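The values are calculated or read from the model by the stated rules, or taken from the named source; none is laboratory data. As the structure is a computational prediction, the values presented were derived from the model and not from experiment. Neighbour counts are summed over all protein chains in view; Cβ atoms, including those assigned to glycine, are modelled from backbone coordinates with ideal geometry. Just the protein is used for accessible areas: all its heavy atoms, side chains included, with ligands, DNA and RNA removed. Shrake-Rupley method; radii C 1.70, N 1.55, O 1.52, S 1.80 Å.
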Amino acid sequence: MADKITKGTTFQAQEVVDKYRAIYYAGASGDFNPIHIDPEFGKMVGLGGVILHGLCALGFVAKSVTDWTGDPGRLKKLRCRFATPVHIEDTITVAGEVLEVSGGRAVLNLKVTRQNGEEVEKNVMAEVEA
Amino acid sequence: MAIDTKFIGKTWPDLSYDVCKEKIREYAKAIKNQDPHFVDEAFAKKSKYGCIIAPPTFCVVFGGALIEPIFFDNELNLNLMMLVHGEQEFEFFEVVKDRDTITSTAKITDVVNKEKLDVLTVEVLSRNQHGRNVCKGIYTFVVRK
């Protein structure tokens, strides 16, 4: 838990995309796009099977930040570009670093990769109450 | 066919959503986030918020519900087979609590026509029952031609 946030501080978190993760997320979010829940459809459109919802992976990123701050209300901004699909059984690693602290806010850079080092999200930034 | 830039500024009817702790629990489970602020009522009561709160990205539940009517809008006529979620941006204001009523408004804020794709930007602004902003979500979709 980060009580006092200082520039250069780093943190890391990891999540495994288990076999049924996209099903859980579809139910909770209401996004039942077949690319997320129907392996046959996913293969037909060239994805090689189902892919995880980008917003679920972004939920993992948000969790890494709020676990680190210890207070979910301190997360004020979050943004990313979805670079490449996240697949079932991927392991997603989030590596955060505080870039600057000013005016009561800290700007974080987040690197979001899968097990082979490929960035699944790019330009991932968050802002938290410092 | 390219998305017409005349749709910039188009809005959809507001959507009202009643937040409840059971839906928060379901969403938290889905994103593998068992932070006690979201799932432990005894902890949450003692927290500075005084009750169960939603994970910040829970806004995709009440705000994202406005995306579906945009996807299936006859006038906009998006090619969903070619659509991917390109970028996402959230700004969080007040935390969302159990028993809040959230009203969300969606608006197309940009359409960019490129040679091989169109970029559609939708802004969803959500407010609580007190009229205070809780989240602004900027959803950017890419539609390949």
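For the range B:78-137, the Cβ-based charge dipole about the Cα centre amounts to some 200 debye (Lys, Arg positive; Asp, Glu negative; other atoms uncharged).
Among the protein heavy atoms of chain B, carbon and sulfur supply 51% of the accessible surface, probe 1.4 Å, non-protein parts ignored.
Label the range B:44-118 by shape, choosing from rounded, prolate and oblate, from the square roots a ≥ b ≥ c of the eigenvalues of the Cα gyration tensor; if a/c is under 1.5 it is rounded, and otherwise prolate applies when a/b is larger than b/c, oblate when it is not.
Numbers: a/c = 3.31, a/b = 2.53, b/c = 1.31.
Verdict is prolate for the range B:44-118.
In chain A, the calculated helix contribution to ellipticity at 222 nm averages -7500 deg cm²/dmol per residue, counting -39,500 (n - 2.57) for every DSSP H run with n ≥ 4.
Dipole check for chain A: with +1 at the C-beta of Lys and Arg, -1 at the C-beta of Asp and Glu, and the Cα centre as origin, the magnitude is about 340 Debye.
Here the scattering of the protein assembly as shown is modelled by Debye summation over its C-alpha atoms, one equal scatterer each and no solvent; at q = 0.13, 0.15 Å⁻¹ the log10 of I(q)/I(0) is -0.88, -1.19.
Evaluate the relative contact order of the range B:13-145 (contact order divided by residue number), counting alpha-carbon pairs under 8 angstrom at least 6 apart; express in whole percent. In percent, rounded to a whole number, it is 27.
Which of rounded, prolate, oblate describes chain A, given a ≥ b ≥ c as roots of the alpha-carbon gyration tensor eigenvalues and a/c under 1.5 marking rounded, otherwise prolate only if a/b is larger than b/c? It comes out prolate by the Cα gyration axes.
For the range A:1-128, what's the relative contact order in percent, using C-alpha pairs closer than 8 Å and at least 6 residues apart? Could you put the intermediate results ahead of the total?
Numbers: 248 pairs, mean separation 37.9, N = 128.
It comes to 30 percent, rounded to a whole number.
Here the contact order of the range A:20-65, divided by its residue count and restricted to Cα pairs under 8 Å and six or more residues apart, works out to 29 percent.
Between the helical axis of B:21-30 and the longest alpha-carbon principal axis of chain B there is an angle of about 60 degrees. Taking the charge dipole of the range B:1-111 about its Cα centre, with +1 at Lys and Arg Cβ atoms and -1 at Asp and Glu Cβ atoms, the residue from B:TYR17, B:THR105, B:PHE7 reaching farthest to the positive side is B:TYR17.
Using helices alone, what [θ] at 222 nm do you get for chain B, with -39,500 (n - 2.57) per DSSP H run of 4 or more residues, divided over all residues and rounded to the nearest 500?
Numbers: 5 runs with 29 residues, N = 145.
Per the formula, -4500 deg cm²/dmol.
Once A binds B, the 1.4 Å probe can no longer reach about 2500 Å² of accessible area, counting both sides. Taking a ≥ b ≥ c as the square roots of the Cα gyration tensor eigenvalues, with a/c under 1.5 meaning rounded and otherwise prolate when a/b beats b/c, else oblate, which class fits the range B:1-97? Prolate.
Absence of a disulfide-compatible partner, taken as no other cysteine beta carbon within less than 4.7 angstrom, is noted in chain B for B:CYS20, B:CYS51.
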